[in-house]
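A short reminder: the numbers here are calculations on the coordinates, not readings from a lab. What you see is a predicted model; the values in this text were computed from it and never measured. All Cβ positions, even for glycine, are placed from backbone atoms using ideal geometry, and neighbour counts span all protein chains on display.
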Amino acid sequence: MSTTPSLAKPAAPADAPPPGRRPPRHRVRTRVRHVALPLGSLLLFLVLWQALAASHTWSETLVPPPAKVWDAFVDVSTTHDGVRGYNGTTLIEHLGISLRRIAFGAGLGIAAGVVFGLLMGTVGWLRSLFEPWITFLRTLPPLAYFSLLIIWLGIDEEPKVTLLAVAAFPPVAVSTTTAVAAVPKSLVEAARALGASRWDTVRDVVVPSALPETLTGIRLAVGVAYSSLVAAELVNGLPGIGGMVKDAANYNNTPVVLVGIIAIGVSGLVIDGLLLRLERVAVPWRGRT
Amino acid sequence: MSSSEVTEAAGATAEVDTSAAGSVRIEHVTHRYGRGGEEFTAVGPVDLSVPAGEFLVLVGASGCGKSTLLRLIAGFERPTRGAVRVSGAEPRPGEAAGVVFQTPRLFPWRTVRGNIDLALRYAGVSRAQWPGRRAQLLARVGLEGTERRRVWEISGGQQQRVAIARALAAENPLLLLDEPFAALDALTRERLQEDVRRVTRRTGRTAVFVTHSADEAVFLGSRIVVLTKSPGTVALDLPIPLPRDDVDAEELRGSREFAELRAQVSHAVKAAAAA
Ligand SMILES: Nc1ncnc2c1ncn2[C@@H]1O[C@H](COP(=O)(O)OP(=O)(O)OP(=O)(O)O)[C@@H](O)[C@H]1O
Ligand SMILES: [Mg+2]
């Protein structure tokens, strides 16, 4: 059901079935397009990969065959020969630990971003004061300040969570600032004409009208935090999915590296999908102000 | 219905009580937009005294400053010169008057019900009374059964009626309406005109209503003020001696007095615009 897209209403043929039910042939065709096409491309990719690996153009360390990666996936997901997962932790646990870091880090960054955005969007001089700094921060690759965070905060959880927070902060701050500054003056006036106080106006007009943009910023922020994950777990990242990738890379364990990368990518896709759905449910008024 | 039914202002009263709830006093008001070399005089000088209970209609060419005058009365602007008094005090938004803007300005993140409830909350109505008051307001504008609709799902006329209901929530003794029906079809417009006429008459509120239509002005107004072209000043101040009580709208519109007044206003508007 989730794969059925909201297609632009097809011109109804003369013998169209009653509205509400899409013609079955059409429905099948869209189902095919939205399920079979991605699956087909995945299959093709696997075949090409297998062919490439089998041709031995590169050594197995560089391009392991899909089966090896699958074996690695099973290995790190289960207990085998008395060894639990990778380095004593299963794949799902690595992922869980990383997701918790992201939740904490990005959560902090997002909260700070919303607060700064609200302040900067409403108070002009605060915006002038902070905007250059935020832009500066945004252009820095997370790795650039990671070393600094290690020096300041050690090698435990603090630098990792801080890195993710710092990475997630700018997109939310920027999108919220823009959205708050662009709140329709007409609606603010309407609220004031009804007797709203300044605080009422912020809560009932500014926040909801900025929410769609802020949610887009949050989605961006989670994406940025996600792509900073491996960086955040470069030092003392085990357990953690990024730490696992880094550690496996140290031993030229390409299959596990690939398993880690795929796990990060797939979980990222799932989370982005969830956020997208949240956006649709939470702000049905998007684009209607 | 308003608990404090204000009796209709008798036009014969010699002294106008300018501190009565809902009364408006505009004293030598001039309003300029911009500053320095970019200054632009939008209205003035204007002197107007609107006693409580009157239905004043402002008519005038586009850009003559009608909206500006309403914004001054609502307290959104302060006059460059002169003074505005509403119920005897300097107007402040949310206190001075209920406002219906030219566009509905509903909050799209709230349903019809949510929009009304917000107005009730701002008006200081206790939560327990919301359902009753909400139903009453929606019934008054003929929108029963739309409570759960999203505001963008309902028609433009329905949106404007929600805006009217919302503006009525606080029961301000003064109601300001800026071309509220301009974008509606003739049928809906006539229905809403009758609604507004009935509501203000029943609750005894003062109203200042802006329109371009002489027909609408004569139908609604107990008094019509025609403004000159920019900057707006009073060109004609005309009392409308038509019956204000429950009358058949069709009959009223079809009457000879109505036609004569409409012609008079129409003529005055053209003359003021040409002057
Ligand atoms: N915020 C503003 N800044 C500068 N000039 C303005 C502003 N608002 C209105 N004006 C100018 O003041 C004049 C009066 O505007 P106003 O909106 O009061 O006219 P109006 O009589 O309501 O016109 P209409 O019938 O077209 O709505 C216009 O010439 C307009 O250009
Ligand atoms: Mg106007």
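Structure notes:
- Among A:S227, A:A182, A:G260 - extreme Cα towards positive end, dipole of chain A, charges at beta-carbon: A:A182
- Counted charge near A:L276, where neighbours are those whose Cβ lies closer than 13 Å (Asp, Glu -1; Lys, Arg +1): +2
- Among the trypsin sites (Lys or Arg not before Pro) within the range B:134-217, those in coil by DSSP and having at most 14 neighbouring Cβ atoms inside 10 Å are B:R148.
- Dipole magnitude (debye, nearest 20) for chain B, charges at Cβ of Lys, Arg, Asp, Glu: 1020
- Mean partner shielding of peptide A:135-142, defined as the number of other chain Cβ atoms within 10 Å of each residue Cβ, is 0.
- Residues whose amide H comes within less than 5 Å of that of B:G82, counting only those at least five positions distant or on another chain, are B:T30 (H built at 1.01 Å from N in the peptide plane).
- Label-point gap, in nm, between B:S155 and A:L52 - each point 7 angstrom along Cα→Cβ: 6.1
- 15 Å reach of a label modelled at A:E157, 7 Å along Cα-to-Cβ, counting backbone N of the range A:205-246: A:237-240
- Long-range amide H partners of A:R84 with built H, under 5 Å: none
- Each Lys and Arg contributes +1 and each Asp and Glu -1, all at the Cβ; summed about the Cα centre of the range B:155-210, the dipole is approximately 240 debye.
- Among B:S126, B:S222, B:S62: highest mean-square fluctuation, GNM of chain B, C-alpha pairs under 10 Å: B:S126
- Within 10 Å of the Cβ of each residue in B:92-101, the mean number of Cβ atoms contributed by other protein chains is 4.
- Karplus 3J(HN,Hα) series, Hz, for the range A:173-185 with 6.51 cos²θ - 1.76 cosθ + 1.60 (x for Gly, Pro): 4, 5, 5, 5, 4, 4, 5, 5, 5, 9, 4, x, 4
- Inter-chain Cβ neighbour average for residues B:148-159, partner chain, 10 Å: 1
- Centre separation in Å (Cα based) which lies between the range B:158-212 and the range B:213-243: 17
- Using the Cβ-Cβ distance between B:S19 and A:S197 with R0 set to 22 Å, the FRET efficiency from 1/(1 + (r/R0)^6) comes to roughly 0.30.
- In order through the range A:138-153: 3J(HN,Hα) via Karplus (6.51 cos²θ - 1.76 cosθ + 1.60), integer Hz, x for Gly, Pro: 5, 7, 6, x, x, 4, 5, 9, 5, 4, 5, 5, 5, 4, 6, 10
- Of all the options B:G221, B:G82, B:G98, the one that moves most in a Gaussian network model of chain B with Cα springs shorter than 10 angstrom is B:G82.
- Zone of A:R288's modelled label, taken as backbone nitrogen in the range B:140-160 under 19 Å from a point 7 Å along Cα→Cβ: B:143-160
- Per-residue packing, averaged as other Cβ atoms within 10 Å, sorts the ranges A:197-203, A:253-259, A:39-45 into the order A:253-259, A:197-203, A:39-45, beginning with the highest.
- With both labels modelled 7 Å from their Cα along Cα-to-Cβ, the A:S147 to B:L252 distance reads 8.2 nm.
- Overall Cα dimensions of chain B - principal axes, largest extent first, Å: 51, 49, 37
- For B:F209, the residues 5 or more places off, or on other chains, whose built amide H falls under 5 Å of its own are B:L56, B:V57, B:L58, B:L177.
- Rounded FRET efficiency, nearest 0.05, which uses the C-beta distance separating A:A182 from A:T79 and R0 of 60 Å: 0.65
- Relative frequency of Cα-Cα separations exceeding 46 Å in the protein assembly as shown, percent: 39
- Size of electric dipole in the protein assembly as shown: Cβ of Lys, Arg +1 and of Asp, Glu -1, about Cα centre, debye, nearest 20: 880
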